[in-house]
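The structure appears below as structure tokens.
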Amino acid sequence: MSQTIGTAEYIGSDCVKCTFSDGSAFYVRLAYLQLCPPEKVTAASELSEEEFADLVDAALVYAAERDAVAYLERSEHSRFLLKTKLIKKKHSAADIERALDYCEERNWLSDSRFAGAWLRSRAITHTEGRIRLQGELAARGVSRQIAQEALNEFFEAESEEDRCLRAREKLIAQGKEGDALIRSLVRKGFSEKIIRKCEKNE
């Protein structure tokens, strides 16, 4: 069954609000259309059943994109974390993937940028080593390569050894010593090699 577009109002260079005679309305990003030609998304244009279904699919992807952008406007997210939030909003996995691909293409979404921002924020309240920080980034869906690059840049500002010394001083002030001190530093993600260096530099 064909459908006729009542009005088609452009709300951006690639976004259109389409209304139909039954009162339904869809916000569509033309880039998400796969079957319906973008030039047919105009007032009074008659769409085939397949074209209309494609328009609805594109509208669902755009809805996922809008929710994604709303989260990204508040803070950086990894793709994994953003996908998790969008699933909770009941978007389908397929719609989410297409929307996030679009966001990545436009650099609105970046695991590299997220990793750097997360490390800087974490450093405000935690003094941790590379092993712990890489594990925390992995838990947030950041790939090993991206995490390593972000950590290399992070430790340019303050070496891991200097951070270990600061963590060690704080733990000693809390009464930690001997094996208990070493175990605490290991839990914070410092390698045994770094811990030994800190002991020598005490």
Rounded to the nearest 20 debye, dipole of the stretch 3-105 from Cβ charges on Lys, Arg, Asp, Glu: 620
Paired Rg and Dmax values of the stretch 1-92, which use every Cα atom, in angstrom: 14.5, 44
Let me see the pair-distance distribution of the stretch 111-200: every alpha carbon pair, 5 Å bin width, integer percents in order. 3, 15, 26, 23, 16, 10, 5, 1
Consider just the alpha-carbon atoms of the stretch 136-181 and return their Rg together with their Dmax, both in angstrom. 14.2, 37
Leu72 to Lys197: extension gain in nm, 0.36 nm per residue of separation minus the Cα-Cα distance? 41.0 nm
According to the Cα gyration tensor, what semi-axes, each the square root of 5 times an eigenvalue, does the equivalent ellipsoid of the stretch 1-158 have, listed from largest to smallest in whole Å? 41, 13, 12
Go ahead and run the numbers for FRET between Glu149 and Ser21, Cβ-Cβ distance against an R0 of 45 Å, rounding to 0.05. 0.25
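Evaluate the charge dipole of the chain about its Cα centre and quote only its size in Debye, nearest 20, assuming +1 on the Cβ of each Lys and Arg and -1 on the Cβ of each Asp and Glu.
Numbers: 32 positive and 35 negative charges, 298 e Å.
For this selection, approximately 1440 debye.
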If unit charges are put on Cβ atoms (+1 for Lys and Arg, -1 for Asp and Glu) and the dipole of the stretch 22-104 is taken about its Cα centre, the option from Ala93, Cys36, Val61 lying farthest towards the positive end turns out to be Ala93
Can you tell me the 0 to 90 degree angle between the C-alpha axis of helix 49-74 and the longest principal axis of the chain, rounded to 10? 30
Fluctuation leader among Ala150, Ala43, Ala173 - the chain, Gaussian network, Cα springs under 10 angstrom: Ala173
Compute the distance in nm between two label points, each set 7 Å from the Cα along the Cα-to-Cβ direction, one at Ser48 and one at Arg120. 5.2
In deg cm²/dmol and to the nearest 500, what is the mean residue ellipticity at 222 nm of the chain if only DSSP H runs of at least 4 residues count, each as -39500 (n - 2.57), divided by the residue total? -19000 deg cm²/dmol
Using unit Cβ charges (K, R positive; D, E negative) and no other charged atoms, how large, in debye to the nearest 20, is the dipole of the stretch 139-186 about its Cα centre? 320
Straight-distance crosslink candidates among lysines, where the alpha carbon sits under 29 Å from Lys197 and sequence neighbours closer than 8 are dropped: Lys170, Lys176, Lys188
Candidates Lys40, Lys17, Lys85; GNM for the chain (alpha-carbon contacts under 10 Å) flags as most fluctuating Lys40
Of the options Leu47, Ala173, Leu72, report the single residue whose Cα projects farthest towards the positive end of the charge dipole of the chain (beta-carbon charges: Lys, Arg +1; Asp, Glu -1). Ala173
By how many degrees, 0 to 90 and rounded to 10, does the Cα axis of helix 79-88 deviate from the longest principal axis of the chain? 60
Against the longest alpha carbon principal axis of the chain, how many degrees, from 0 to 90 and to the nearest 10, is the axis of helix 111-125 turned? 40
Would you list, by chain and number, the lysines whose Cα falls below 24 Å from the Cα of Lys40, excluding same-chain residues fewer than 8 positions away? Lys17
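Laboratory data are not the source of any read-out in this text; all were calculated from the coordinates shown. Everything quoted here is computed from the prediction, not taken from an experiment. Note: ideal-geometry Cβ built from the backbone for every residue, glycine included; neighbour counts use all protein chains shown.
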